[in-house]
1. If I model a spin label as a point 7 Å beyond the Cα along the Cα-Cβ vector, how far apart are those points for Asp46 and His4 in nm?
2. About its Cα centre, what dipole magnitude does the stretch 6-109 give when the only charges are +1 on Lys and Arg Cβ and -1 on Asp and Glu Cβ, stated in debye to the nearest 20?
3. Roughly what would the spin-label model give for Asp14 and Ile72, points 7 Å off Cα along C-beta, in nm?
4. Rank Cys15, Ser93, Leu36 by how far each Cα sits towards the positive end of the charge dipole of the chain (+1 on Lys, Arg Cβ; -1 on Asp, Glu Cβ) and give me just the farthest.
5. Given H placed on each backbone N at 1.01 Å, which residues far from Leu36 in sequence or on other chains put an amide H within less than 5 Å of it?
6. Given the options Gln24, Ala68, Asn55, identify the residue whose Cα lies farthest towards the positive end of the charge dipole of the chain (+1 on Cβ of Lys, Arg; -1 on Cβ of Asp, Glu).
7. Scan the chain and hand back the longest stretch that contains none of the GluC sites (Glu not before Pro) lying in DSSP loops with at most 12 other Cβ atoms within 10 Å.
Amino acid sequence: MAIHKTLRMNQLFDCYQALLTEKQQQMLELYYEEDLSLAEIAEHYDISRQAVHDNIRRGENALEDYEAKLSIHSKRMQRIDLLNQLAAVEALSAETLELIQQLKEIELT
């Protein structure tokens, strides 16, 4: 599995997991966060590997659809980038830099 896809799915999962079905949440968590194989997840739920694959793909598609419609993740990344650019400005006071750091921490939690 490509690291880029895993990273993206984890980021989208963080944003939209509450919008998925409980089963999709559980399977995506086992697959992407726990790094279990399709066979291991299938054994855990006592279902076929194909059923796990289909459920994970539906979850992935749902995450991508939510991002396409809501753009929460991409806007968050844009805000973080702008905060990083602002923090790099040399003429900022220590107080302003502290506020920027606090905003970045909010974005990353």
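Since every read-out is calculated from the coordinates, none of them should be taken as a lab result. This structure is a prediction, so every number in the text was calculated from the model and none was measured. Every residue, glycine among them, receives a Cβ derived from its backbone with ideal geometry; neighbour counts consider all protein chains shown.
1. 4.1
2. 420
3. Label at Asp14, label at Ile72, 1.3 nm between them.
4. Cys15
5. Amide H neighbours of Leu36: Tyr31.
6. Ala68
7. The segment 35-89 is the longest one with no such site.
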